[in-house]
Amino acid sequence: MSLNNKKLQQMANAIRFLSAEAIEKANSGHPGMPLGMADVAAVLFGKYLNINPDQPRWFDRDRFVLSAGHGSMLLYSLFYLLGYPDISLEDIKNFRQLGSKTAGHPEYGHLVGIDMTTGPLGQGISSAVGMALAERVINAKFGDDLCNHYTYVICGDGCLMEGISEEAISLAGLWKLNKLIVLWDNNNITIDGTVDKSNGTNQAERFKAVGWNVISINGHNYDEISAAIEQAQQSDKPTLIACKTTIGFGAPNKQGTSKIHGSPLGAEELALMKKQLGWECEPFVVPDETIATWRAAGQKSAAKYNEWEEKAAKNSEFTAYINNELPQNWDKELNELKIQTINEQTKVATRKASQMCLEKIVSNIPQMIGGSADLAASNLTFVSGMKTITSADYNGNNIMYGIREHAMGAIMNGLALHGGVIPYGGTFFVFSDYMRPAMRLAALMGVRVIYVLTHDSIGVGEDGPTHQPIEHLASYRAMPNINTFRPCDVV
Ligand SMILES: Cc1ncc(C[n+]2csc(CCOP(=O)(O)OP(=O)(O)O)c2C)c(N)n1
Ligand SMILES: [Mg+2]
């Protein structure tokens with residue numbers, strides 16, 4: 001969609017004032033990020049993002065992950081402006097109130113349009129790698145007509161400092177996930193002050209080192225933002241767009257400082273911001289013309305959606321896939337295995353039993369994608385007939401995560417959220433500690449992720465106490481929404 005800079009300015013300011021007023025009214029929230037990234041968001045959502053507010057679950061839509069979840073008001077403002085039916089101006093005014101749809105941090109399944117729950121920094125960018133991988137896997141099976149979309153991320157300094165991001169971006173680079181585009185809010189500010197006091201990483205070089213394309217721009221310059229996104233779309237690698245921004249852009253006394261990261265502006269500063277940006281509306285009012293521009297932007301992919309819908313409806317295998325329908329009789333062989341092992345009184349280690357079951361499941365459910373954090377030989381997650389996914393061939397069903405449990409957990413969340421894929425991943429039970437934050441997020445979102453956590457006995461023997469799970473079983477049984485099974489035999 002072509003939008004001139006004057007229009008984009010108005011669109012960005014609409015995000016700024018809706019966000020700032022909602023945070024002001026709630027007397028709680030994080031204005032710095034929505035004000036700082038409003039220009040980037042106006043360009044991305046206004047011109048490029050393929051979504052359809054009337055079909056928010058459209059399978060071939062572009063995915064968007066707000067990895068910097070504290071900037072939730074950015075997302076809520078966008079959804080309202082784009083015309084998502086699930087959010088009203090009333091919801092914006094109820095930001096952060098008990099029971100409101102506009103929760104403190106974006107919650108998947110709580111407000112339609114949110115592609116992932118975010119808030120724990122680093123999880124979003126890492127799960128986006130899983131979404132981008134799922135997109136390539138389904139594309140390899142069904143082709144460009146049915147699955148061919150981008151995964152966009154907005155992340156902050158915090159997401160890039162979290163260790164999980166390293167695990168995830170190195171896999172994205174290895175897998176050449178060229179439809180993954182990360183926009184980094186490069187504002188040199190976190191809660192406790194300027195980034196340079198706590199981090200000295202050259203992020204551009206860091207991303208390049210693991211196989212990414214990197215573009216650095218002024219995040220308040222519309223032409224540079226557009227050019228960067230278009231360049232990223234053509235890349236044969238995943239792209240980091242480093243957007244140099246001013247946190248809290250527009251608030252004359254607080255912008256550029258950590259003061260604006262997580263506190264309301266205050267009436268005085270808000271009034272000064274209105275003056276500074278030439279905004280004359282009452283609180284929560286957006287000029288009709290700007291609303292109309294935003295609503296038109298919301299409809300920019302409607303024709304694309306219709307074309308896709310027509311093609312998808314003709315392919316029943318594809319629709320079964322994306323609706324997570326299991327093939328008929330998928331459990332026939334599994335049930336036969338049960339009877340056989342009862343008759344034969346089969347005695348095997350539980351990890352072997354797990355593998356025997358997985359073999360019957362994986363061979364009968366094409367959506368299953370397994371993997372392990374470099375312990376496949378030990379936790380027996382790899383079964384006969386499986387094929388490892390590589391950048392040269394995405395049409396596989398095994399992922400070699402390397403020694404990256406945390407990213408494995410987050411990537412599995414992304415695979416499950418994307419849909420068309422049922423992920424399972426394995427490690428030793430004790431090392432589930434390394435991916436627990438991602439597991440907890442899976443539980444919160446209620447997504448279907450399966451963990452194969454072997455070596456569950458305290459009697460692991462020679463490896464000693466570092467390899468002994470002690471409180472793990474109790475802790476997962478205590479975690480809401482995790483179904484914890486500890487099988488004692490094959491049946
Ligand atoms: C795992 C995790 N640790 C700590 C926090 C608390 N926290 C929220 S935002 C933030 C600072 C993030 O800085 P940055 O990403 O640069 O965001 P900005 O201040 O630029 O908006 C912190 C520490 C969190 N949400 N998640
Ligand atoms: Mg920052």
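The values are calculated or read from the model by the stated rules, or taken from the named source; none is laboratory data. What you are looking at is a predicted structure, and each value in this text was computed from that prediction instead of being measured. Ideal geometry is used to build each Cβ from the backbone, glycine not excepted, and the neighbour counts take in all protein chains shown.
The condition of being part of a loop (DSSP other than H, G, I, E, B), without any contact (Cβ under 8 Å) to a residue 60 or more places away in the chain and within 16 Å of ligand 1 (Cβ to nearest atom) holds for only one of Gly119, Gly99, Gly104, that being Gly119. The set of residues from the range 414-456 being in a strand (DSSP E or B) and within 21 Å of Tyr108 (Cα to Cα) comprises Ile422, Pro423, Tyr424, Ile450, Tyr451.
For the condition surrounded by fewer than 24 Cβ atoms within 10 Å (Cβ to Cβ) and within 18 Å of Leu49 (Cβ to Cβ), Ser235 qualifies.
The condition (being surrounded by fewer than 20 Cβ atoms within 10 Å (Cβ to Cβ) and on the phi < 0 side of the Ramachandran plot) is satisfied by just one residue among Leu98, Leu66, Leu111: Leu98.
Take Glu289 and decide whether it is more than 14 Å from Arg16 (Cβ to Cβ), outside the structural domain of Pro34 (by TED's automatic domain parsing) and of a type in the set (Asp, Glu). Answer is no for this residue. Picking from residues in the range 255-299 that are without any contact (Cβ under 8 Å) to a residue 40 or more places away in the chain and of a type in the set (A, V, I, L, M, F, W, C), the one that is nearest to Gly83 (Cα to Cα) is Ala292. Applying the condition of being within 16 Å of ligand 1 (Cβ to nearest atom) and over 15 Å from the mean Cα position of the chain (by Cα) to the range 144-161 and asking which residue is farthest from Lys47 (Cα to Cα) yields Met161.
The single residue among Lys141, Lys176 that is of a type in the set (D, E, K, R), over 14 Å from the mean Cα position of the chain (by Cα), in a helix (DSSP H, G or I) and away from ligand 1 (no atom under 16 Å from the Cβ) turns out to be Lys141. Answer with yes or no whether Ile92 is farther than 23 Å from Asn50 by Cα, hydrophobic (A, V, I, L, M, F, W, C), assigned to a helix (DSSP H, G or I) and assigned by TED's automatic domain parsing to the domain that holds Asp196. Answer is yes for this residue. For Gly200, the test of being within 16 Å of ligand 1 (Cβ to nearest atom) and outside any strand (DSSP E or B) is passed.
Yes/no per residue for (1) surrounded by fewer than 17 Cβ atoms within 10 Å (Cβ to Cβ); (2) in contact (Cβ under 8 Å) with a residue 12 or more places away in the chain; (3) not assigned by TED's automatic domain parsing to the domain that holds Ser432:
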residue	(1), (2), (3)
Ile322	no, yes, yes
Glu325	yes, no, yes
Lys352	yes, yes, no
Val362	no, yes, no
Pro366	no, yes, no
Ser378	yes, yes, no
Gly385	yes, yes, no
Ala392	yes, no, no
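The residues of the range 150-179 that are within 16 Å of ligand 2 (Cβ to nearest atom) and either buried (at least 24 other Cβ atoms within 10 Å of the Cβ) or of a type in the set (Val, Ile, Thr) (or both), listed by number, are Val153, Ile154, Cys155, Gly156, Cys159, Leu160, Ser165. Contact annotation: residue pairs with Cβ atoms under 6 Å, 6 or more positions apart or on different chains, pairing a residue in the range 466-491 that is touching a residue at least 60 places away in the same chain (Cβ under 8 Å) with a partner that is part of a loop (DSSP other than H, G, I, E, B), are Val490/Thr346. Residues that are over 26 Å from Leu98 (Cβ atoms) and outside any helix (DSSP H, G or I) were ranked within the range 12-52; the one that is nearest to ligand 1 (Cβ to nearest atom) is Leu49.
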